[in-house]
Amino acid sequence: MLSCAGFIFLLTFSQQAQSSVGKVLALTLLSLLACIEKLSAVLNTVSVERDWTVVIAGTDEARLATMNAQMRRIDLFCKLAGPLAISLIDSASTRAAILATAVMSTTSVFVEYLAIARVYHAVPALRVTKSSAKCSDEQQHGTILDRIRSNTSVLLSYLRHPAFLPSFALALLYLTVLSFSGQFITYLLAQGLSSASVAMLRGLAAVFELSATWLGPWLHTRIGPVRAGIWFLNAELVFIALSCVALWLPAETVPGVATTFALVAAVILSRTGLWGFDLSAQLIIQDEVGPEMRGTFSSLEASFQNAFEMLAFLSTVTFPRPEQFKFPAAISAIAVAAAAVLYACFVRDRRGHLLHASKCLDRHQRAKQRQWSFAEIPLAESHIAREEGQETSQPGP
């Protein structure tokens, strides 16, 4: 709400063309407010999506997977509908779009608070104090060195946790410009696409993202979240690699329109793999991390996600021109490949293998089946003959 007031102030200054000092102060205030809002959003996500869902689901893994998918579905739908609605209003009036955002934010506060309070009072387990590993008084009220040691210990606990690899692999996926974020949209606009076309493509990408919220739970119930995760992540890697290849093809051999079409198609298709892996990794983390460390673990994961997101922005700052976009795209592909390798190490350690051949393709299994089938025939015949002999040799009543 304060940010909307700041934007109104900034818009008024721009229209009046006054001193730039006020604009700088307004932008500084907006940046600080954005930092506070981002921190609050992360805390809310850690509390509700990563902790409350586990407590509510209890030991029912199917219910937990369904709740994760439903919450992700709501999140993705709102991230699609909200910006599209504001964009339509902004096309008519920027001031009206800012005011609409302020009204939506003010109204949603009451809805969200009442919904959270209702769930909190409806589930008694949420009101139980967790036996968390608290710091000692010396660490809480000690010197800065004591606090550094305490934070270092928490970080080491995260790095040594069995669920670290899927968590860090998920965080690595935030180091990307090959998603419908500001960098990718700016590149598409620079290639000559209209705002309406970009909006339609973004809506199509949202459809593929939402498909993961149905496909993910379906796969989890059949092959488990560990195997489903590697399927989804490898699918994303394939399409991200194809989009990167499209950018690196020589401009003389492939028309620019074909390159852009291939790039956009590959990025859209990769969204199902991305959010499918997100659901799989989240389910693994929720199952592995105990209640005493759940908040700390999720907070550190969010920290790495935001750090990699900043590196993604840094890549486009380093290569700002549209013809240089292939370099940030290559960095994004390398990040996805690194995430795939880390998660493959987790799967190999957890299951003992990455791929297992079908029984019909296994040479030893085929030999065993042939041996069994040939040996079974005389065994059955002798068994029948023995029964017949017993029937003829039995004395009368």
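The values are calculated or read from the model by the stated rules, or taken from the named source; none is laboratory data. All of these numbers come straight from a predicted model, not from anything done at the bench. Neighbour counts run over all protein chains shown; Cβ positions are idealised from the backbone, glycine included.
Some observations on this one:
- Any chance Val257 is under 17 Å from Val336 (Cα atoms), among the β-branched types (Val, Ile, Thr) and free of Cβ contacts under 8 Å to residues at least 24 places away in the same chain: no
- Failed item, numbered, when Glu292 is tested on (1) touching a residue at least 24 places away in the same chain (Cβ under 8 Å); (2) surrounded by fewer than 16 Cβ atoms within 10 Å (Cβ to Cβ); (3) part of a helix (DSSP H, G or I): (3)
- The number of residues in segment 122-148 that are outside any helix (DSSP H, G or I), over 21 Å from Val48 (Cα atoms), at pLDDT 50 or above and not β-branched (Val, Ile, Thr) comes to 1.
- Exactly one residue out of Thr259, Thr253, Thr221, Thr272 is surrounded by fewer than 16 Cβ atoms within 10 Å (Cβ to Cβ), in contact with a helix residue (DSSP H, G or I) (Cβ under 7 Å, 6 or more places away or on another chain), among the hydroxyl-bearing types (Ser, Thr, Tyr) and at negative phi: that is Thr221.
- Being touching a helix residue (DSSP H, G or I) at 6+ places or on another chain (Cβ under 9 Å), surrounded by fewer than 20 Cβ atoms within 10 Å (Cβ to Cβ), among the hydroxyl-bearing types (Ser, Thr, Tyr) and in a helix (DSSP H, G or I) is not true of Thr213.
- Highlighted here are the helices (runs of 4 or more DSSP H) found entirely within segment 4-115 that include at least 3 residues which are modelled with pLDDT under 85: 20-47, 61-92.
- Residue selected from segment 59-117 under the condition of a type in the set (Val, Ile, Thr) and closer than 25 Å to His220 by Cα, by the criterion surrounded by the fewest Cβ atoms within 10 Å (Cβ to Cβ): Thr59
- For segment 188-210, residues that are without any contact (Cβ under 8 Å) to a residue 24 or more places away in the chain and assigned to a helix (DSSP H, G or I) total 6.
- Residues of segment 260-294 satisfying the condition of being over 17 Å from Gln305 (Cα atoms), within 17 Å of the chain's Cα centre (by Cα) and among the hydroxyl-bearing types (Ser, Thr, Tyr): Ser270, Thr272
Here is a yes/no grid of residues against (1) modelled with pLDDT of 95 or more; (2) β-branched (Val, Ile, Thr); (3) farther than 30 Å from Leu159 by Cα; (4) more than 26 Å from the chain's Cα centre (by Cα):
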position: Phe313; (1), (2), (3), (4): no, no, no, no
position: Cys345; (1), (2), (3), (4): no, no, no, no
position: Arg350; (1), (2), (3), (4): no, no, no, no
position: His356; (1), (2), (3), (4): no, no, no, yes
position: Lys359; (1), (2), (3), (4): no, no, yes, yes
position: Phe374; (1), (2), (3), (4): no, no, yes, yes
position: Ile377; (1), (2), (3), (4): no, yes, yes, yes
position: Glu381; (1), (2), (3), (4): no, no, yes, yes
position: Thr392; (1), (2), (3), (4): no, yes, yes, yes
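- Inter-residue pairs, beta-carbon under 6 Å, first over 11 Å from Ser3 (Cβ atoms) and in segment 21-32, second part of a helix (DSSP H, G or I) and among the hydrophobic types (A, V, I, L, M, F, W, C), 6+ apart: Gly22/Phe13; Lys23/Phe13
- Verdict on Ser105 being over 26 Å from Ser195 (Cα atoms) and among the small types (Gly, Ala, Ser): no
- Candidates in segment 149-163 are the residues that are modelled with pLDDT of 80 or more, in contact with a helix residue (DSSP H, G or I) (Cβ under 8 Å, 6 or more places away or on another chain) and among the hydroxyl-bearing types (Ser, Thr, Tyr); of these, the one that is farthest from Leu342 (Cα to Cα) is Ser157.
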